[in-house]
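The values are calculated or read from the model by the stated rules, or taken from the named source; none is laboratory data. No experiment lies behind these values; they were computed from the predicted model shown. Glycine gets a Cβ as well: all are built from the backbone with ideal geometry, and neighbour counts include every protein chain shown.
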Amino acid sequence: MLVVGQILGGIGMGATLSLGALLAAQLSGSSAWSGMAATMSTLGAALVAVPLSRLAQARGRRRSLAAGSLIAGSGAVLAITAVAVDAFPLLLLALMLLGAGSATNLQARFAATDLASVRFRARDLSIVVWSTTVGAVLGPNLFGPGETVGAALGLPPLTGAFAFSLLATVGAAVVYSAGLRPDPLLTALAARPSNPAGERRIGGLAIIRSNPPARFAVGVIALSHATMVALMSMAPVHLRDHGATLTLVGLTISLHVAGMYALSPVFGALADRLGRMPVILTGQALLFAALTLFWLNGDSPVAMTAGLILLGLGWSASVVAGSALIAEAVEVHDRAPLQGFSDLSMNAAGALGGAVAGPILSAAGYSGLGLVTMLLVAVIVVWSSLRLAAAKRAG
């Protein structure tokens, strides 16, 4: 049921991912505001990450995932309304609500680890991540059919895909509510003894302050996500400014999303076999390769497509291996708070990346944006090297 829910959630996310940037530029009257689409979406995901994790801890993954899907569905309805009344602030609110779908998809990957054995934890997590591929790749290619459906329903231009998003997110909520039984987190909690008397539960922030592996994993995920969002959020606007059709924009984003999810089981298997750190460094190498392509030839459609695929692959390797570290950094009773804080940090970093990407694009172009974001990759590589050196000294 996690796989089916992820497929539907991926459709809901992919159908509106690129349209948000285009509509933000249209309603605001400036491409500099297009980055606010990704910013508001990731900000919305950040705002619901901790509440959803708390709901999961108290009532189970089933209720939490269904609630997140329904919030995203309400965002699709509001987005259509915003375009109909030409209200840019209302569109931003709608995109924030749609971000709950992203937070839900992220939480679903952790649901796969609740009952997984240590030996196959990264693999099981990566399979759920992979299942997003079907919907997320299909979603951007619904732009054309969405316009046809939207015209038949009397919807404003560029909003037809939101109708698909609404149907998909409601469908995901039904799947999670009816099919995720027994609840994986509640089952895992029931199977483990409670904390000894007097031992206080701590929140995610307190965990990363005292737990270096958790702190490192959260940092890797957040910075990798910020890099991806900054470049991906500006790609539709950059392509349209260089004459690309809406169909070509959808295809390019589909290939990027395929890179994000399609090979995640490979990275999960490698993380289980070789260890988390080698896969994280592989992810950073892929991100650096993508950014180099953007920097050297950011105006080339071929380089853009290849770079976006590499960008997705680098994100996948880093997030899959980093998420496996998150899942094993603490015991099951403290896992949901840490996971919620990780998703909060991830989406807050993505929101910041999307917010600064627009002005950087306007000032320095897509090539300049690729060059600036290399700094985030450098931080992770240096941090990883320090951890490897410390482990070698301790060993």
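When we screen 82, 111 for residues that are at pLDDT 85 or above and under 21 Å from residue 164 (Cα atoms), the only hit is 82. Selection of segment 360-395 for residues being free of Cβ contacts under 8 Å to residues at least 40 places away in the same chain and polar (S, T, N, Q) yields only 385.
None of 12, 44, 5 is closer than 18 Å to residue 155 by Cβ, within 17 Å of the chain's Cα centre (by Cα) and in a helix (DSSP H, G or I) except 12. When residue 167 is tested against (1) under 22 Å from the mean Cα position of the chain (by Cα); (2) crowded, with 18+ Cβ neighbours inside 10 Å, only condition (2) is not met. Set side by side, the residues 94, 56 differ, and just one is part of a helix (DSSP H, G or I), without any contact (Cβ under 8 Å) to a residue 24 or more places away in the chain and buried (at least 24 other Cβ atoms within 10 Å of the Cβ), which is 94. Inside segment 97-124, residues that are assigned to a helix (DSSP H, G or I), farther than 14 Å from residue 43 by Cα and among the small types (Gly, Ala, Ser) make up a count of 3. In summary, residue 197 fulfils each of the numbered conditions (1) modelled with pLDDT of 85 or more; (2) among the aliphatic types (A, V, I, L, M); (3) part of a loop (DSSP other than H, G, I, E, B) with the single exception of condition (1).
Here residue 208 passes the criteria (1) modelled with pLDDT of 95 or more; (2) over 25 Å from residue 22 (Cβ atoms); (3) among the aliphatic types (A, V, I, L, M) except the one numbered (1). Consider residue 35 carefully, then state whether it is within 15 Å of the chain's Cα centre (by Cα) and either more than 21 Å from residue 109 (Cβ to Cβ) or at pLDDT 80 or above (or both). Spelling it out, it is not the case that residue 35 is within 15 Å of the chain's Cα centre (by Cα) and either more than 21 Å from residue 109 (Cβ to Cβ) or at pLDDT 80 or above (or both). Residue selection: residue 219 satisfies the criterion of being buried (at least 17 other Cβ atoms within 10 Å of the Cβ) and out of contact with any helix residue (DSSP H, G or I) (no Cβ under 6 Å at 6 or more places or on another chain).
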